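Asks: Got a structure for you, questions after.
The values are calculated or read from the model by the stated rules, or taken from the named source; none is laboratory data. The model shown is predicted, which means the values in this text are computed figures rather than measured ones. Heads up, the Cβs are rebuilt from the backbone with ideal geometry, glycines too, and the neighbour counts pull from every protein chain shown.
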Amino acid sequence: MRGKESGINVDAIARARIEILFSRAVRVFPENPALGARYISLGRKIALRHAIRLGKMRELYCKNCNSPRIPGVTAKYRATGGQFLSVSCLVCGETNRRKLGERREKGAKTPVKKP
């Protein structure tokens, strides 16, 4: 946490600004795609500068063209073979896959068993 001496939590401010930029990117993208991509790239730069992990927000944008992933508008989601989730960007054509597996608790080494 930076800014201890002055009592300002810089990381909390940076995280709030990242969330604002990401939400504005989704809102403004249909009218102005370049501005939406710019908001995403600014949010990523802030996260990099302050060493903030984006977590689930990483799934909200294309890593290749910085466009926000809006299902049916800028992204196509497919479950391929029942094992993978394939996300295709409709702006640049980039495809990302992630394995669909069992959920894990935070810090746990074994998957959570479903009742």
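Asks: Quick one: Leu35 ticks every box in (1) part of a loop (DSSP other than H, G, I, E, B); (2) at pLDDT 90 or above bar one, so which box is it?
Replies: (1) is the only condition that Leu35 fails.
Asks: Determine which single condition Lys56 fails, assuming it passes every other condition in (1) out of contact with any Cys (no Cβ under 8 Å at 6 or more places or on another chain); (2) on the phi < 0 side of the Ramachandran plot; (3) surrounded by 16 or more Cβ atoms within 10 Å (Cβ to Cβ).
Replies: Of everything listed in (1) out of contact with any Cys (no Cβ under 8 Å at 6 or more places or on another chain); (2) on the phi < 0 side of the Ramachandran plot; (3) surrounded by 16 or more Cβ atoms within 10 Å (Cβ to Cβ), Lys56 misses just condition (3).
Asks: Further question: Give the residues of the range 62-76 that are in a loop (DSSP other than H, G, I, E, B) and either under 15 Å from Gly36 (Cα atoms) or within 10 Å of the chain's Cα centre (by Cα) (or both), sorted by residue number.
Replies: Cys62, Lys63, Asn64, Cys65, Asn66, Ser67, Arg69, Ile70, Val73, Thr74
Asks: For Phe22, are the conditions met, namely being within 11 Å of the chain's Cα centre (by Cα) and touching a residue at least 40 places away in the same chain (Cβ under 8 Å)?
Replies: It is true that Phe22 is within 11 Å of the chain's Cα centre (by Cα) and touching a residue at least 40 places away in the same chain (Cβ under 8 Å).
Asks: Tally time: how many residues in the range 44-61 are at pLDDT 90 or above and either under 21 Å from Arg98 (Cβ atoms) or not in a helix (DSSP H, G or I) (or both)?
Replies: 6
Asks: Now, a different point. Of the residues in the range 16-53, how many are basic (Lys, Arg) and exposed (fewer than 13 other Cβ atoms within 10 Å of the Cβ)?
Replies: The total comes to 4.
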